[in-house]
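**Q** Here it is, the structure, as structure tokens.
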Amino acid sequence: MVNRTPLTSEEEAVWRPLMRVVTVLPRALEDQFAHDTGVSLTDYTVLVSLSEAPEGRLRLTDLAESTALSLSRISRVVEAMVRRGLVQKVKCPQDRRAAHATLTELGRAKLAAAYPGHLERVRSYLFDHLSPEEVRAAGPILARLAAALEPPDCPACPDDQT
């Protein structure tokens, strides 16, 4: 049975600002990326995922999982990034039906160019408004909430840090 109890005033005090952050923060970051480097927030997320992967490449299914995008959406994003020279697609040596996305030199350069502005925005929008104690407390809470949104046995899911 679904709990239909209205939110308490304390829950509302968390929910409403959270929804504002979830709505406004991606738009603010998207604007920054477009202005600074001409890449989108989604492009940046793909570039980061690939840069952190072994040998700078991931199977498209793994890339979809790491970016929280559907396989069809990541396929379209990767194709657009291939056309712009940011990534390339190569056949998977272990499974010829699958493809890997790999970073190109231009993709690495765009990531490096986007990072300083991204770091500055993340600090100014988020961390400059929190004390070190609040940051330490927020990490495990947000990890637990993120994990609750993931399917069971998701390899890309954050570990519960509590």
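**Q** Would you calculate the separation in nanometres between label points at residue 24 and residue 5, each defined as 7 Å from the Cα along the Cα-to-beta-carbon direction?
**A** Label-label distance for residue 24 and residue 5, simple model: 3.0 nm.
**Q** Based on the alpha-carbon gyration tensor of segment 1-61 and its eigenvalue square roots a ≥ b ≥ c, which shape applies: rounded if a/c is under 1.5, prolate if not and a/b is larger than b/c, or oblate? Walk me through the numbers before you get to the answer.
**A** Numbers: a/c = 4.20, a/b = 1.85, b/c = 2.27.
Because a/c hits 1.5 or more and a/b fails to exceed b/c, segment 1-61 counts as oblate.
**Q** For the chain, with a Gaussian network of springs between Cα atoms less than 10 Å apart, report the residue from 13, 114, 137 with the top mean-square fluctuation.
**A** Sorting by GNM fluctuation, first place goes to 13.
**Q** Dipole size in debye (nearest 20) for segment 15-162 around its Cα centre, Lys and Arg Cβ +1, Asp and Glu Cβ -1? Write down the numbers at each step before the final one.
**A** Values: 19 positive and 19 negative charges, 127 e Å.
In total the dipole reaches around 600 debye.
**Q** Then there's this: Quote the FRET efficiency, to the nearest 0.05, computed for residue 12 versus residue 89 with a Förster distance R0 of 35 Å and r equal to the Cβ-Cβ distance.
**A** Details: r = 46 Å, r/R0 = 1.32.
Efficiency, rounded to the nearest 0.05: 0.15.
**Q** Now for a different question. Cut-off 10 angstrom, C-alpha nodes, Gaussian network model of the chain. Which of 67, 45, 23 fluctuates the most?
**A** Between 67, 45, 23, it is 23 that shows the largest mean-square fluctuation.
Where a number appears in this text, it was derived from the coordinates with a stated rule and is not lab data. What you are looking at is a predicted structure, and each value in this text was computed from that prediction instead of being measured. All Cβ positions, even for glycine, are placed from backbone atoms using ideal geometry, and neighbour counts span all protein chains on display.
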